[in-house]
Structure formats: structure tokens, C-alpha cells
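Notes to accompany the following structure.
The values are calculated or read from the model by the stated rules, or taken from the named source; none is laboratory data. Since we're looking at a predicted model, the values are computed, not measured. Cβ coordinates were reconstructed from backbone atoms using ideal geometry, including for glycine residues, and neighbour counts include every protein chain displayed. Accessible surface areas use protein heavy atoms only, side chains included; no ligands, DNA or RNA. Shrake-Rupley method; radii C 1.70, N 1.55, O 1.52, S 1.80 Å.
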Amino acid sequence: MPKPVKIVIWVAVFAACAGVGAFVASRSNPFPPGVEDPGAHTTPTPTPTEPVPTAWKLTMHVDTQHTLHEGGACRSDWNVSGTIEIQPNGKASGAADATLAAPATCDFAQSQVQAKEIRLVVTGTRAAGVLRLSFSEGGRTPVGSSDLGGLTNTVRFIHPVVKLPAGARAGHATAKVTRPDGDLGFYSSTTLLRIALQ
């Protein structure tokens, strides 16, 4: 067989093999199951953003008075400042410090040690555009002191109701409390509250 004919035959065989190889390769996956194609680029699916709690600045002014059955009264005024967090499910919690705004006064001489600062624990719930708060005492300075006007006797009964619809950045409320002192007198307090989104 002449040499040129052999060359033509071999070229034809190589071409046929290359064509068959290309055909098979086009219909097969070179990566077995579980092996990722290093050249493939997938578009990451954005993960939904989780709701986060919101922080609110809380301020209050509380006027308290202890009116005695025998006559006369003691008064104390307080400025309160703190922070609360409202969770996406509506639960609220935080803390605040009540500081005596001016020296407590009485219509008569007395010897009790007046508290200068009272730590308040704040809890509450927000639902249907309304925030309801409650307070409890978390400590006082000086330790063992009392409040002549009666904040420590009324604080757990202070329950402000703040209108706070979705999108609101601030709200305010007033709460009034009157409680018997167990000796025919009574404690009373008036609270002016404001909260603002931080």
C-alpha cells in the first residue's frame, strides 16, 4: 500500500476516534455524584433577615406622696432614666435608675434615712399597637433606706399604657396610683413616662 494512502487512512481513523470521543464526552458527566464541578458557579440564595429587638430610651418623672392619717404628708420627686428592649414577639425588658430629684420633705420632723437612688427592673408586652409596662424594685442606695414619699410602696403598681403602633418612634403615658399604707393613711404617685427609639 502506498505511503500516501496509509497516511490518509490513519488521519481518517484519528478523526473518527476524535469524533466518537467528543460525542461520548458531550453526553456524560465527568464528575461522579457528590463531587462538585470546580468550574460551576451557583448564585447564592439570599437568606431572609431575622427580626431583631429594638432598643428604646425610657425617661420618667414620678411625684410621690405619703399622706398620714394623723395629719401631714411627706413628698419625694424622682427622675428616672433607663433602656428597654422590645423583642420581635412583643416582650419588653430592661432596667432604669430612679434618682431623687430634690430632697424629700415632710410636714413634721422625722428620722428615717431617705433613699437617694432606686434601681428599677422593667418588664412589659407590646401588642396591637400598645405597650404595657410594669416595674419592680431591684435595689436602693443607701442599702436599708426608705422613701418618705412612697415610691418604694407604689412602684409595683405603676403600669403605664403607651400607644405605640408599628413605625412609631416615640410614645408617652401617664399613670396614677393610690395605695393604703396600712395605718389609715395612703401613698400616691403620679408618673409621666416617655420612650423614644434609640
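Brief remarks follow.
- Single residue of segment 138-185 satisfying the filter (part of a strand (DSSP E or B) and closer than 20 Å to GLU85 by Cβ) that is most open to solvent (accessible area, probe 1.4 Å): LYS163
- Matching option when the condition is aromatic (Phe, Trp, Tyr) and either over 27 Å from THR105 (Cβ atoms) or over 26 Å from the mean Cα position of the chain (by Cα) (or both), among PHE135, PHE186, PHE157: PHE186
- Exactly one residue among ALA92, ALA102, ALA109 is in contact with a strand residue (DSSP E or B) (Cβ under 8 Å, 6 or more places away or on another chain) and closer than 24 Å to HIS66 by Cβ, and that residue is ALA102.
- Pairs where the first residue, in segment 173-190, is touching a residue at least 60 places away in the same chain (Cβ under 8 Å) and the second is assigned to a loop (DSSP other than H, G, I, E, B), C-beta under 7 Å, 6+ apart: ASP183/HIS69; LEU184/HIS69; GLY185/LEU68; GLY185/HIS69; TYR187/GLY150; TYR187/ASP181; SER189/GLY150; SER189/ILE158
- Counting only residues that are assigned to a loop (DSSP other than H, G, I, E, B) and more than 17 Å from LEU131 (Cα to Cα), segment 43-91 holds 15 of them.
- In segment 51-72, the qualifying residues are those that are of a type in the set (Gly, Ala, Ser) and either within 25 Å of ASP147 (Cα to Cα) or at pLDDT below 95 (or both), and the one that is surrounded by the fewest Cβ atoms within 10 Å (Cβ to Cβ) is GLY71.
- Test: residue in segment 95-118 that is without any contact (Cβ under 8 Å) to a residue 40 or more places away in the chain, within 23 Å of GLY138 (Cβ to Cβ), assigned to a strand (DSSP E or B) and basic (Lys, Arg): no
- Note on segment 109-118: residues that are open to solvent by less than 100 Å² (accessible area, probe 1.4 Å) and in contact with a Lys or Arg (Cβ under 9 Å, 6 or more places away or on another chain) total 3.
- Residue check for ALA196: among the hydrophobic types (A, V, I, L, M, F, W, C), over 17 Å from LEU100 (Cα atoms) and free of Cβ contacts under 8 Å to residues at least 40 places away in the same chain: no
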